[in-house]
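Encoded as structure tokens, the structure appears first; notes follow it.
The values are calculated or read from the model by the stated rules, or taken from the named source; none is laboratory data. Values in this document were obtained by computation on a predicted structure and should not be read as measured data. Every residue, glycine as well, gets a Cβ built from its backbone with ideal geometry; the counts of neighbours run over all protein chains shown. SASA here: full protein model, heavy atoms, side chains in, ligands and nucleic acids out. Shrake-Rupley method; radii C 1.70, N 1.55, O 1.52, S 1.80 Å.
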Amino acid sequence: MGLSVFDHVTIRVSDLDEARRCYGLALGSLGYGEPSADGHFYEWEDFSISRARDERPPTRNLHVAFVAHSREEVDAWWRTMTGAGFPDDGSPGPRPQYSPSYYGAFVRDPDGNSVEAVHHEEPRGGENRIDHLWIRVSDLAASRRFYEAVAPTVGLRVHDGSENRFHVTDGDRSFALVREDQVTENVHLAFPASDLETVEAFHRAALASGAPDNGAPGERPEYHHGYFGAYAFDPDGNNVEAVCHNRQD
């Protein structure tokens, strides 16, 4: 997989078995196959779920949209998900308020997060499963200062949305930061870095912006040999990372 907006996004879940059923169906019915697993963690390329713990509570108030390959696939996805008992959060149809060819459908996961299958007529590059995220924030100006500081270090840019939101993008995929009262909590975002220096630059920029440190640049062999990451908290306490998968000996 080439570099994109996300290396991975991880959500914490209160019931791992039920979340596995939800996201296994959500991603499997879009043709994305079985996840890799280690007993408390499931991963589908750039999206993963992990069991919540006392010090890492469940993710709340997140919106995640997955790439569908046609409008018909969106329709079938919604029928499958609602038929399996996941609450309807928006039936299939055009959403021209987002873009002219936007066609999506929505359900809720077991922790109440919004999950979508979306199709755009414009082709999506890469192999990423995630089309976009919608992250609700308590202070839009503070969130913008944080992302304006770190985004350029990992090859992303910030651009305006409507008066209550902004977007972070690589030119193809994006995620939105939106001012809302029900703030997104306990999501982990990891941005891909092409080399170790980029990870270090991300960490310096985050701390210089006033963000709390959540882990200095360094090897994390518990993930795999060559995993080099650095971490900081965004203004709402979400864990944000830059990671380089340097698997060379």
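Considering only strands (runs of 3 or more DSSP E) fully contained in the stretch 68-145, which possess at least 3 residues that are open to solvent by 10 Å² or more (accessible area, probe 1.4 Å)?
Fully inside the stretch 68-145 and qualifying: 88-94, 103-108, 130-137.
Of all residues in the stretch 24-46, which are farther than 16 Å from V118 by Cα, under 15 Å from the mean Cα position of the chain (by Cα) and buried (at least 18 other Cβ atoms within 10 Å of the Cβ)?
Y42, W44, E45, D46
Since R60 meets every condition but one in (1) touching a Ser or Thr at 6+ places or on another chain (Cβ under 6 Å); (2) open to solvent by 30 Å² or more (accessible area, probe 1.4 Å), which condition does it not meet?
(1)
Output the residues belonging to the stretch 221-235 that are open to solvent by less than 40 Å² (accessible area, probe 1.4 Å) and assigned to a loop (DSSP other than H, G, I, E, B).
Hits for the stretch 221-235 are H224, G226, D234.
What number of residues within the stretch 146-166 satisfy the criterion of being of a type outside the set (A, V, I, L, M) and crowded, with 17+ Cβ neighbours inside 10 Å?
Number satisfying all stated conditions: 5.
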